[in-house]
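This report concerns only the one structure given below.
What follows draws every value from the coordinates through simple rules; no lab data is involved. Because the structure is a prediction, the values reported are computed rather than measured. Heads up, the Cβs are rebuilt from the backbone with ideal geometry, glycines too, and the neighbour counts pull from every protein chain shown.
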Amino acid sequence: MTRRRRKPYTALGIRRVPCFRCGEPSRFQWDICADGNTPRGLCVACDVALNEMVLRWVGDPEADAKMASYRQRVLS
């Protein structure tokens, strides 16, 4: 059985963790309820892709505008 992290990463600690999806350095973290709320590191590109996917999945009518704003904020 794999030991799972229970606490979120600190601002410094998240940079030391590879992205759970692609292996690049992480900058953000997500907890997935169906995966036991285990904090997972995500790089900027994967975080942007995940946010866009979720906004589209929930049918947010302002998804394009929200994503444009989010991309500008995190990629700057």
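As a footprinting exposure proxy, order Leu50, Leu75 by other Cβ within 10 Å, with the fewest listed first.
Numbers: Leu50 14, Leu75 9.
Going from least to most buried by this count: Leu75, Leu50.
Just in the chain: which trypsin sites (Lys or Arg not before Pro) are loop by DSSP and have at most 11 other Cβ atoms within 10 Å? Could the numbers behind the result be given before it?
Numbers: sites: Arg3, Arg4, Arg5, Arg6, Arg15, Arg16, Arg21, Arg27, Arg40, Arg56, Lys66, Arg71, Arg73; in loops: Arg3, Arg4, Arg5, Arg6, Arg21, Arg27.
For trypsin sites (Lys or Arg not before Pro) across the chain that sit outside H, G, I, E and B with at most 11 neighbouring Cβ atoms in 10 Å, the list reads Arg3, Arg4, Arg6.
Determine the gain in length on full extension of the stretch Arg73-Asp60; use 0.36 nm per residue of separation and subtract their C-alpha separation, reporting nm with one decimal. Provide the component values of the computation, followed by the final result.
Working: separation 13, 0.36 × 13 = 4.68 nm, distance 1.93 nm.
Separation in residues times 0.36 nm, less the Cα-Cα distance, equals 2.7 nm.
In the set (i) 41, 28, 19; (ii) 43, 29, 26; (iii) 46, 23, 16, which value of Cα extents along the principal axes in Å was calculated from the structure you see?
Read-out from the structure maps to (i).
Taking the Cα-to-Cβ direction at Cys33 and at Leu50 and moving 7 Å from each Cα, how far apart do the two end points lie in nm?
1.6
Using the Cβ atoms and a cut-off under 13 Å, what net charge is assigned to the surroundings of Arg15, where Lys and Arg are +1 and Asp and Glu are -1? Mind showing how you got there, number by number?
Working: positive: Arg16, Arg27; negative: Glu24.
Result for the neighbourhood of Arg15: +1.
If Lys and Arg each add +1 and Asp and Glu each add -1, what is the summed charge of the other residues whose beta carbon sits under 12 Å from the beta carbon of Pro39?
Values: positive: Arg4, Arg5, Arg6, Lys7, Arg40; negative: Asp31, Asp35.
Here the charged neighbours net out to +3.
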